[in-house]
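**Student:** Have a look at the structure that comes next, please.
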């Protein structure tokens, strides 16, 4: 056997049929906005801290505990690149995988649409496919000892690079708004590409349980959910209004987390239909589009 041959374990690695891309949770969620300072104030109120700046673009990394949120205000150089709007939008979700190149290749084989890379000098090429609306789904395999941020970002001096999470907050999932009668289409999209499974109708989380909930494959502590919500029957469907709508954050004690965030100035929806309780809570909406849903989740202690 040649000394340059790949080990047999690599050549003959057996894929998990239930987790074809090797998903291991969410690495980061990216917002685009033309008003990054305003969004930054909201994130800091929620317990995030700015820890690093991008080397060549107007992009900031916010973090608390295992949560990474990227605020992107970069204006694309290419003429067909869309500039960020004032109202923040969830533009991308980065998925942790065992092997980004392999996951990307398998996703394309299964019918995903590739996003052409726009890599500048000293930047990593992070493979991505098209998600709902204009959003992207990234594949990231550098999230342990050496991460993507070590290449593309410069730490802010004197700032703790790993600030603790408020009450153990962690990514629980994302809420996706879809068109009328599109639940089956999106369920098939996530099932075929990633191995998501639909939860039984009686299994629901939080205080806004409507729609269809899909569970990612992968180990339980890093498993996350996508909630598909169609328009109300009385609402006229608008073409092209499918998008990622809000982030769900898990916590072992919702009411304690609500109390801590209120001390920071966070306001929560308290109405007859939706109010803070043991199973979940919903923040008010800032900047016309940004809200967070707290969901009871004690998988991480």
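**Student:** So, in nm, how far is label residue 134 from label residue 101 when the simple model puts each one 7 Å beyond its Cα toward the Cβ?
**Tutor:** In this crude label model, residue 134 to residue 101 measures out at 3.2 nm.
**Student:** Follow-up. Output the antiparallel fraction of DSSP beta bridges having both residues in the range 15-155, as a percent to the nearest 5.
**Tutor:** 75 percent
**Student:** Connecting C-alpha atoms closer than 10 Å in a GNM of the chain, tell me which of 232, 260, 109 has the biggest fluctuation.
**Tutor:** With Cα springs under 10 Å in the chain, the top fluctuation among 232, 260, 109 is at 232.
**Student:** Further question on the same structure: Note down the nm distance, to one decimal, between modelled labels 7 Å out along Cα→Cβ at residue 274 and at residue 241.
**Tutor:** 1.5 nm
**Student:** Do you know the relative contact order of the chain, to the nearest whole percent, from alpha carbon pairs under 8 angstrom that are 6+ apart?
**Tutor:** Relative contact order for the chain comes out at 20 percent.
**Student:** How would the range 165-205 be classified by its alpha-carbon gyration tensor: rounded, prolate or oblate, with rounded meaning a/c under 1.5 and the a/b versus b/c comparison settling the rest?
**Tutor:** The shape class here is prolate.
**Student:** Nearest-5 percent of antiparallel DSSP beta bridges in the range 166-296?
**Tutor:** Expressed as a percentage, antiparallel bridges in the range 166-296 total about 65.
**Student:** Among bridges DSSP assigns within the chain, what percent are antiparallel (round to 5)?
**Tutor:** Around 70 percent of the beta bridges assigned by DSSP in the chain are antiparallel ones.
**Student:** Okay, moving on. If you take the square roots of the eigenvalues of the alpha-carbon gyration tensor of the range 166-296 and sort them as a ≥ b ≥ c, do you get rounded (a/c under 1.5), prolate (a/b over b/c) or oblate?
**Tutor:** oblate
**Student:** Okay, moving on. In a GNM of the chain with a 10 Å cut-off on Cα contacts, which of 56, 183, 216 has the highest mean-square fluctuation?
**Tutor:** Among 56, 183, 216, the largest GNM mean-square fluctuation belongs to 56.
**Student:** Can you tell which of 17, 73, 100 shows the greatest fluctuation in a Gaussian network model of the chain with Cα springs below 10 Å?
**Tutor:** 17
**Student:** Let me ask something else. Compute the distance from the alpha-carbon center of the range 133-199 to that of the range 249-264, in whole Å.
**Tutor:** 21 Å
**Student:** With runs of 4+ DSSP H residues as the only contributors, calculate the mean residue ellipticity of the chain at 222 nm using -39,500 (n - 2.57) per run, divided by the residue total and rounded to the nearest 500.
**Tutor:** -4500 deg cm²/dmol
Every number here is computed from the coordinates shown, using simple stated rules; none is lab data. These numbers come from a predicted model, not from an experiment. When we count neighbours, we look across all protein chains shown, and the Cβ atoms used for this are built from the backbone with ideal geometry, even at glycine.
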